[in-house]
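Trainee: Supplied in C-alpha cells, the structure appears directly below.
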Amino acid sequence: KDTGTKRMSQLPAKVYHFLRVVENLTPQCFQKVLRTEARSFLLKDSNPAYITVQVKEKGRYLFTYKVPESACAKTLCYNTSASTEGSGSNDVRVFQLSGLLALFDELTTLAIVNEDDSARPGVSTTLSAELAPYGLNNLPRAGENIDVDVRVIKIGKNFSFLEAEAKIPESGKIIAIGKHTKYLGGISYLQSMALGWFLPVTSFASQYFVSSVSSLTRNVEKIKSVEDLVEFDMNEASNEGSMSVGLQHCNPMKSCHGGFQAMAMEQMAQNHLAKMQKGSESYQLQSIAIDYISRGKGKLTFCTKVTPINDLLTLVNVRVKGKGQAPISDGVLYFIQNKQNSRL
C-alpha cells in the first residue's frame, strides 16, 4: 500500500528514504507530540506545515520548525502588559528548554542519517542544551517559527558528535544551543546493508510491509500540552514521582524517548521547586545535561535532589530509575530564580 507521501524538493534523498522506512514500519508516538514524525517532513501540503529542511553545506543543515501547542507547557508571566486585568501574573504556554533539547535530539539524528555511510540513527549517550541570554526572556510560543542550525562535528566508527542552535528566523538571535553525542555501534551487517547501499530498495519495499500503527498512535492525538503528556504519581515525602511509559512517550523502537525524559525531568524539577517558591518568584531552567544509561520501559521513577548554589542559581539533579532501581538516565539541571521577567 502506497502511503501517498510526496517528497519535498529540499529533503536529502537519503533522509527521504529513511523517513519512508520509519513511517511505514514503526509507530512514531512522541514524535507526533513534537510534530517531527516522518509525515511532517514528507508531505508538501501538510496542514499546518511544521518543519522544513535545507542543506546549507556538507555537515550543516538548517531546519525551520513551527512550534506546536502539544509541545508547550505552562509558565508564569510577570509582564504587566501580558497579564489579565486586575492580576499581576498570568499563565502562558511556551516551548521550554527541555522541549528544545528534544527537538535537537530529533534533528541532529536526521543529520547523522544523511552524513553516515550506513545511515545509522544511533543511540544517544549524552544530550545537553543551554539558553542564550536572549532566550532567557524569549522562549518560543505555540505557532511561532524557529530556525535550528545543525552541525555534524565528527562521525567515527562508533560515535558521532553534533551541535545545534535554535534561532529567531528574522533576526538570527540565538535562543539556545545544544550538543549531542550518539553511539553508532551495535548494528548488524544486514541492518547496515538495508540502511546503507540498499536504502532506496528498503524504502520502496517498506510500503508493502506497513505495520498497523494507526491504533498505536491514537492516544497521542489527545495530547494538547506537556501537562497532558507528563503525569506523575507523586511521593511528596521522598521527592519522587513515578509514571508508566506509554507509547506516547516512546521512540520508534518503543523505549522511552530521550527527549521526553528531558521534558519529564524539567516538569519534575519544577514540581519540587514550586514547594520552595516565595511570593512572586519563579524558576527558569537555564541549562540541562543528560547522560543516558539504559533503555527506559515499564514503570519509571524520577528522583530529585535540590541544591541551592546562591541567591539566583539552583541545581537540581534528577535520576531516572527503572525496574529494580536500575539507572536509566541522569540529569543535571540549573535553574535561575526570576522575580520579574519581561516575556515570561
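The values are calculated or read from the model by the stated rules, or taken from the named source; none is laboratory data. Just so it is clear, the structure is predicted and the values come from calculations on it, not from any experiment. Neighbour counts are summed over all protein chains in view; Cβ atoms, including those assigned to glycine, are modelled from backbone coordinates with ideal geometry. Side chains are part of the model used for accessible areas, which takes the heavy atoms of the whole protein and leaves out ligands, DNA and RNA. Shrake-Rupley method; radii C 1.70, N 1.55, O 1.52, S 1.80 Å.
Trainee: To the nearest 10 Å², what's Glu231's accessible area with a 1.4 Å probe?
Mentor: My reading of the accessible area for Glu231 is about 130 Å².
Trainee: Under 5 Å between amide H atoms, partner at least 5 residues away or on a different chain: which partners does Cys72 have, H built in plane at 1.01 Å?
Mentor: Under 5 Å from the amide H of Cys72: Val226.
Trainee: Another question, if that's okay. Output ³J(HN,Hα) for segment 171-184: one whole-Hz value per residue in order, computed from phi by the Karplus curve 6.51 cos²θ - 1.76 cosθ + 1.60 with θ = phi - 60°, and x for Gly and Pro.
Mentor: Each residue's phi maps through the Karplus curve to give 9, x, 5, 7, 8, 7, 10, x, 10, 9, 10, 10, 8, 9 Hz.
Trainee: Can I ask one more? Show the residues, 5+ positions off or on another chain, whose built amide H is closer than 5 Å to the amide H of Ala132.
Mentor: Distant-sequence amide H within range of Ala132: Ala176, Ile177.
Trainee: Right, something else. Alpha carbon centre of segment 227-245 versus segment 165-201: separation in Å?
Mentor: Result: 31 Å between the Cα centres.
Trainee: Further, regarding this structure: Quick check: pseudo-label points 7 Å beyond the Cα along Cα→Cβ at Asn137 and Ile174, how many nm apart are they?
Mentor: 1.9
Trainee: Tell me, in nm to one decimal, what length is gained between Tyr183 and Val201 on full extension, where the rule is 0.36 nm per residue of separation less the Cα-Cα distance?
Mentor: 3.9 nm
Trainee: Shifting gears a bit: Is the shape of segment 284-344 rounded, prolate or oblate, going by the alpha carbon gyration tensor and its root eigenvalues a ≥ b ≥ c, with a/c under 1.5 for rounded and a/b larger than b/c for prolate?
Mentor: Details: a/c = 3.07, a/b = 2.45, b/c = 1.25.
Here segment 284-344 falls in the prolate category.
Trainee: Further, regarding this structure: Filter the trypsin sites (Lys or Arg not before Pro) in segment 92-195 to those in DSSP coil with at most 14 other Cβ atoms within 10 Å of their Cβ, and list the result.
Mentor: Lys157, Lys173
Trainee: So if each residue of separation counts as 0.36 nm, and I subtract the Cα-Cα distance between Met193 and Lys305, what length gain in nm does that give?
Mentor: Difference between extended and current length: 35.8 nm.
Trainee: Continuing with the same structure: Can you give me the distance in nm between label points at Lys297 and Asp228, each placed 7 Å from the Cα along the Cα-to-Cβ direction?
Mentor: Result for the modelled spin labels: 2.8 nm.
Trainee: Separate question: Quote the relative contact order of segment 84-186 in percent (integer), defining contacts as alpha-carbon pairs under 8 Å separated by 6+ residues.
Mentor: 31
Trainee: Right, next: Can you give the accessible area of Glu144, probe radius 1.4 Å, in Å² rounded to 10?
Mentor: Roll a 1.4 Å probe over it and Glu144 shows about 70 Å².
Trainee: How are the alpha carbon pair distances in segment 115-163 distributed across 5 Å bins from zero to the largest one, expressed in percent?
Mentor: P(r) over segment 115-163, rounded to whole percents: 4, 12, 21, 20, 13, 13, 11, 4, 0.
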